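Presented below is the structure to which this report refers.
The values are calculated or read from the model by the stated rules, or taken from the named source; none is laboratory data. Computed from a predicted structure; not experimentally measured. Glycine gets a Cβ as well: all are built from the backbone with ideal geometry, and neighbour counts include every protein chain shown.
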């Protein structure tokens, strides 16, 4: 139905009418286990089920592959190579799985023949699927001996592989078509007969109808049965825009479109965030203003490169070069000719990716103007809008209440706690630019009694250490902080 008028007509037609079962179908259906992990599916599943970031998944998997120091076991590598786009399983691994299933579950959980999974057309098949090296090293046996993420990811890899070599799950399925007032309705349901591989692992996204209900027992419905109408609950639904990418769904999209390789998925997702093209909003990736500006610029001047098919095609050409089917010189030449022209056009148009400045409430202490928030290499910072006449900048964090830490030894004004653009703390005079005193340490405003060097101090919660920075002098003393004494009194 496309409008409320149509819905109202249907409701009027079925109001008070009998709901009669016109068709009842019963059958046994089966669900199959998923293939063992590739790099891409591991990234997706660990992101969705464990809530780990791509970077965490990659580094954790690397540790499982390289080996962990496990009490009572020594240094032990737990999984096969973790950069793979193949779902192939070695015969000896299949035999290991079938033996383990027989010993720990029963023969009915073993499929008649070992399971084989089909690789995608562009899979390189250089390595096996990602799987545990030995099923004897169970996740539970190392749970309290390794870090939490190592255990969780290892269990995911272990269970997925084991389930991939187990029997199907089977269900009694029911499908009923119901007629009321000349309108047809359909409902489905199923009840499990045999759990099969689901005894170990549930598929990431088992495809079932929205109305498909799984119960322990299905209702006994026969054709021509009449049902009592208890209530009608119409519901209006709107077309939703596509959901924003998460790290996991972005990896899936790249794989589906032939973009990237197992070794580049994590790097791509990480770069998008470190260069601030996207930012996280919960688990979703949201485009920043910088990201939008860069995309607009690239699609304007480099339409062919920004097409999804370009990257996939280039990946294939590079594979052909590696396999000896193409010469790299001809591939580069065919690409660079058009790219050089596009680059010249962008340059002549004066193309620039500039993020609009955001006005802040901070006042420039040099000229009195309202400072703006700019985005630079190290993130956002405050800058005077009157550049180049006024070149004042300061970290965005400086918009928080200013912390004063002592007295400037040069002019006697207060010292401020400041940060560089990279986040490193230093101390500067509030009288800047008239006084240009700066220091990485807080001056103590007194001379060392031993060597007359200007001393420095470090302030902790309960005490302050005053010491001489002269490496040839080891003078230092400790003082209690006044606020600590006040608390005690």
- From (1) on the phi < 0 side of the Ramachandran plot; (2) assigned to a loop (DSSP other than H, G, I, E, B), pick out the condition that doesn't hold for residue 45. (2)
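Which members of the stretch 67-80 meet the condition of being part of a loop (DSSP other than H, G, I, E, B) and surrounded by fewer than 17 Cβ atoms within 10 Å (Cβ to Cβ)?
Residues of the stretch 67-80 part of a loop (DSSP other than H, G, I, E, B): 67, 71-73, 77-78, 80.
The answer is 67, 71, 72, 73, 77.
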- Of the conditions (1) modelled with pLDDT under 85; (2) out of contact with any helix residue (DSSP H, G or I) (no Cβ under 9 Å at 6 or more places or on another chain), residue 286 fails just one. Which one is it? (1)
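Against the definition (under 28 Å from the mean Cα position of the chain (by Cα), assigned to a helix (DSSP H, G or I), within 27 Å of residue 260 (Cβ to Cβ) and not assigned by TED's automatic domain parsing to the domain that holds residue 123), how does residue 310 come out, yes or no?
Numbers: under 28 Å from the mean Cα position of the chain (by Cα): yes; assigned to a helix (DSSP H, G or I): yes; within 27 Å of residue 260 (Cβ to Cβ): yes; not assigned by TED's automatic domain parsing to the domain that holds residue 123: yes.
When the stated conditions are applied, residue 310 passes them.
Residue by residue, here is whether (1) part of a helix (DSSP H, G or I); (2) within 29 Å of residue 245 (Cβ to Cβ) holds:
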site: 55; (1), (2): yes, yes
site: 65; (1), (2): yes, yes
site: 100; (1), (2): yes, no
site: 124; (1), (2): no, yes
site: 151; (1), (2): yes, yes
site: 155; (1), (2): yes, yes
- Message: Of everything in the stretch 102-116, what is surrounded by 15 or more Cβ atoms within 10 Å (Cβ to Cβ) and part of a loop (DSSP other than H, G, I, E, B)? Give them in sequence order.
- Response: 105, 110, 111, 115
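Using the structure shown, decide if residue 272 is at pLDDT 90 or above, in contact with a strand residue (DSSP E or B) (Cβ under 7 Å, 6 or more places away or on another chain) and under 18 Å from residue 51 (Cβ atoms).
Details: at pLDDT 90 or above: yes; in contact with a strand residue (DSSP E or B) (Cβ under 7 Å, 6 or more places away or on another chain): yes; under 18 Å from residue 51 (Cβ atoms): no.
Criteria not met by residue 272.
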- Item | Condition met for residue 96 (over 27 Å from the mean Cα position of the chain (by Cα) and buried (at least 18 other Cβ atoms within 10 Å of the Cβ)) | yes
- Query: Does any residue of the stretch 168-188 turn out to be surrounded by 15 or more Cβ atoms within 10 Å (Cβ to Cβ), assigned to a loop (DSSP other than H, G, I, E, B) and over 26 Å from the mean Cα position of the chain (by Cα)?
  - Reply: yes
- Query: Which condition number in (1) farther than 16 Å from residue 41 by Cα; (2) in contact with a strand residue (DSSP E or B) (Cβ under 8 Å, 6 or more places away or on another chain) is the one that residue 131 fails?
  - Reply: (1)
- Mind listing whichever residues of the stretch 363-380 are modelled with pLDDT of 85 or more and either closer than 21 Å to residue 276 by Cβ or under 27 Å from the mean Cα position of the chain (by Cα) (or both)? 371, 372, 373
- Can you find even one residue in the stretch 392-402 that is farther than 30 Å from residue 273 by Cα and either at pLDDT below 85 or surrounded by 13 or more Cβ atoms within 10 Å (Cβ to Cβ) (or both)? no
- Item | Residue list for the stretch 217-236, restricted to those being touching a residue at least 24 places away in the same chain (Cβ under 8 Å), part of a loop (DSSP other than H, G, I, E, B) and either surrounded by 10 or more Cβ atoms within 10 Å (Cβ to Cβ) or under 48 Å from the mean Cα position of the chain (by Cα) (or both) | 217, 218, 219, 221, 223, 225, 229, 232, 234, 236
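Please determine whether any residue of the stretch 134-147 is part of a helix (DSSP H, G or I), touching a helix residue (DSSP H, G or I) at 6+ places or on another chain (Cβ under 7 Å) and buried (at least 19 other Cβ atoms within 10 Å of the Cβ). Spell out the reasoning first.
Quick first cut of the stretch 134-147, residues part of a helix (DSSP H, G or I) only: 139-142.
Among the residues that remain, those that are also touching a helix residue (DSSP H, G or I) at 6+ places or on another chain (Cβ under 7 Å) are: 139, 142.
With buried (at least 19 other Cβ atoms within 10 Å of the Cβ) added as a condition, the list becomes 139, 142.
Yes, some residue in the stretch 134-147 is part of a helix (DSSP H, G or I), touching a helix residue (DSSP H, G or I) at 6+ places or on another chain (Cβ under 7 Å) and buried (at least 19 other Cβ atoms within 10 Å of the Cβ).
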- Which residues, counting only those in the stretch 258-286, are within 17 Å of residue 244 (Cα to Cα) and not in a helix (DSSP H, G or I)? 276, 277, 278, 279, 280, 281, 282, 283, 284, 285, 286
- Residue by residue through the stretch 439-458, note down the ones that are surrounded by 14 or more Cβ atoms within 10 Å (Cβ to Cβ) and assigned to a strand (DSSP E or B). 439, 442, 443, 444, 445, 454, 455, 456, 457
- Have a look at 27, 43 and point out the one that is surrounded by 20 or more Cβ atoms within 10 Å (Cβ to Cβ) and within 30 Å of residue 170 (Cα to Cα). 43
